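Have a look at the structure below, then the notes.
The values are calculated or read from the model by the stated rules, or taken from the named source; none is laboratory data. Owing to the predicted nature of the structure, the values given are computational and were not obtained by experimental measurement. Note that we place each Cβ from the backbone using ideal geometry, even for glycine, and neighbour counts take in every protein chain shown. These area figures cover heavy atoms from the full protein model, side chains too; ligands, DNA and RNA do not enter into them. Shrake-Rupley method; radii C 1.70, N 1.55, O 1.52, S 1.80 Å.
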Amino acid sequence: MLVKKYGNRRLYDTESSRYVTLEELTEKIRAGAECRVIDAKTNRDLTQETLTQIIIEGRGADALLPAPLLHQLIRLQDDALADFLGRYVQGALELYLQARKSSQAVMPFNPLLALNPFGGAFGNWLQGGGQPAPAPQSAPPAPSPAPPPSDVEVLRRELDELKASLQKRKRR
């Protein structure tokens with residue numbers, strides 16, 4: 001689908017011959033549509049900018065990209081870093097989607113679900129079908145294991161390692 005973006009930030013869907021909101025464009029993309037966004041005046045490709053805007057505004061940028069990380073990225077100004085981040089995020093997303101697909105394919109055959117104190121609702125939750133059922137009143141809560149490092153912590157560590165590597169190269 002081709003969308004033209006005008007100077008007043010309005011989006012015009014050329015397929016349906018009407019103006020659409022960013023939310024409507026988001027819903028079409030979630031439904032599987034591929035879109036290309038161009039500047040109506042200059043024909044400059046604005047697809048990446050618009051998709052980034054959808055992600056940032058729709059998902060809460062503060063949760064996805066905290067300010068300290070954004071400051072570090074801006075300071076680095078390195079094309080290699082941008083390439084690395086693009087590949088890292090794309091690879092991580094592909095890995096996540098594969099794992100999610102694999103877990104959904106295996107769920108009907110998981111014998112441990114029958115032993116689950118939460119019953120079938122927990123299985124639905126694991127498959128993305130809703131919220132987990134509340135724990136039974138008589139069962140004491142199980143001790144929670146130490147949480148794994150967050151994606152942001154892992155990314156920060158990797159960025160620090162990359163930064164150190166880049167600084168070593170500059171010194172040579």
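Quick look at the values:
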item	result
Of residues in segment 77-104 being under 19 Å from residue 152 (Cβ atoms) and touching a helix residue (DSSP H, G or I) at 6+ places or on another chain (Cβ under 7 Å), the one most open to solvent (accessible area, probe 1.4 Å)	84
Hits in segment 1-53 - residues which are in a helix (DSSP H, G or I), among the hydroxyl-bearing types (Ser, Thr, Tyr) and open to solvent by 70 Å² or more (accessible area, probe 1.4 Å)	52
